[in-house]
Amino acid sequence: MRIRRSRIVATAVLAAVALTLGACAEDTDTGGDTGANPSGTIKEGLKVTFLPKQVNNPYFDTSDNQGGKPAVEEFKGQYAQTGPSEASPSAQVSYINTLSQQGTDVIIIAANDQDAVCGSLTEARAAGATVVTYDSDTKPECRDAFVNQATSEGIAQSQIKLISDAVGPDGGEIAILSATANATNQNAWIELMKTELAKPEYSKLKLVATVYGDDQDEKSFQEAQGLLSRYPNLKGIISPTTVGVAAAARYLSGSSYKGQVQLTGLGTPNQMREYVKDGTVKAFALWNPTDLGYLAAYTGAALASGIITGKAGETFTAGKLGEFTVGANGEVLLGEPFEFNATNIDQFNF
């Protein structure tokens, strides 16, 4: 995949992550007589709550509070964010149940596990809530729509291309520092990265380990340290999680491995700026999490207002981001991956 390097668009939409589950048949409905009212307007007063993988996570604070909240305010709804402090598979269940009991109109969730939350989400929908997943999906039958920041294929391709460019033509051993072992988006990306590594152009790269920092800063730091201890010939680390890539960068920047072991992943400019400038990281990728939260809010509002039903082919307008079309399995795609490097990182603030 070719990553854009030359033109910088102020609103830079970046991308990353599709979780289309192969076991689920594609929805080929073209959006005919589905009961949608594309000329309708968003209801005022909708109660919209974001349920991220974990609260107090810089990535989700940006997507929810800087993206979702302004969107909800634009269509005169009631915004809230809630969730667990740790990103464990079942940690979100009790929050879903509470939101359902409170009569929340729209639940917007980044699933820690594609299966663990399905039962409670199904009950919430039966009670009248609209459910939108973002960042990390559930099974399609457990929600009304999935706002995908990018395709899984696109993210996998960008990550392998970035680490290959950083390591250089001689290749060598690489490792992956992931979030939780059950994160559906992370697992989809990792499998597709393995597929990408099988291509002839990456034959000199060898994946030797995948470790999990559980989206915890200290554990991710320790896992990065452990990789270098176990694999002294390691040439590169991919960490497709904002917590993990920042922790790994912090470790490498203060160690003798700085400049010797390359690092890339998915991070925010504000997290990674110092590590790009000090040479620890050459480049990394992401989408704009503010736009992701903004689009998720408008998608939920359009569903709850009957403007769309989640069928393929339906269209709706998401405020300043413009018009979007619902794809197969209720997927709404934000955009394409974007590369941050020393030439452009100061142009972004999130």
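A few comments on the model shown:
- Only one residue of N97, G310, Q54 has its Cα farthest out toward the positive end of the dipole of the chain, where Lys and Arg carry +1 and Asp and Glu -1 on Cβ, and that residue is Q54.
- For the stretch 191-350, DSSP calls about 60 percent of its internal beta bridges antiparallel.
- Gyration tensor verdict on the stretch 179-234 (Cα atoms; rounded if a/c is under 1.5, prolate if a/b is larger than b/c, oblate otherwise): oblate
- Going through [x] 32, 22, 18; [y] 35, 20, 19; [z] 31, 24, 22, the figure that equals semi-axes √(5λ) of the Cα gyration tensor in Å as computed for the structure here is [y].
- Accessible surface, per residue, of the stretch 207-350 when the full set of protein chains is kept, probe 1.4 Å, Å²: 34
- Approximate spin-label separation A328-A209, in nm, with each point projected 7 Å along Cα-to-Cβ: 3.8
- For the chain, share of DSSP beta bridges that run antiparallel, in % to the nearest 5: 15
- On Cα atoms only, tilt of 152-167 relative to the major axis of the chain in degrees: 20
- Chain lengthening between K320 and N97 when straightened (0.36 nm per residue, less Cα-Cα): 77.0 nm
- Centroid-to-centroid separation of the stretch 286-350 and the stretch 56-126 [C-alpha atoms, Å]: 17
- The long axis of helix 289-304 is offset from the longest Cα principal axis of the chain by roughly 20 degrees.
- Dipole check for the chain: with +1 at the C-beta of Lys and Arg, -1 at the C-beta of Asp and Glu, and the Cα centre as origin, the magnitude is about 940 Debye.
- Each label point was placed 7 Å from the Cα along the Cα-to-Cβ direction; for E274 and Q222 their separation is 2.3 nm.
- Each of V117, L197, T138 was scored by the projection of its Cα onto the charge dipole of the stretch 97-223, and the greatest displacement toward the positive side belongs to L197; charges sit on the C-beta of Lys, Arg, Asp and Glu.
- Charge dipole of the chain about the Cα centre (unit charges at C-beta), most positive-ward option of A328, P84, Y212: Y212
- Counting only protein heavy atoms and a probe of 1.4 Å, the accessible surface of the chain is 45% carbon and sulfur.
- Orientation-averaged projected area, Cα convex hull of the stretch 195-350 (nm²): 11.5
- Within the stretch 187-206, backbone nitrogen closer than 18 Å to the virtual label 7 Å beyond the Cα of D170 toward Cβ: 202-206
- Net dipole in debye of the stretch 37-140 [+1 Lys, Arg Cβ; -1 Asp, Glu Cβ; about Cα centre; nearest 20]: 240
- Largest to smallest accessible area among F221, F350 [probe 1.4 Å]: F221, F350
- Helix 184-197 axis, angle to the chain major axis (alpha carbon atoms, nearest 10°): 40
The values are calculated or read from the model by the stated rules, or taken from the named source; none is laboratory data. These figures come from a predicted structure and were not determined experimentally. Glycine gets a Cβ as well: all are built from the backbone with ideal geometry, and neighbour counts include every protein chain shown. Surface areas here come from the heavy atoms of the whole protein model, side chains and all, with no ligands, DNA or RNA. Shrake-Rupley method; radii C 1.70, N 1.55, O 1.52, S 1.80 Å.
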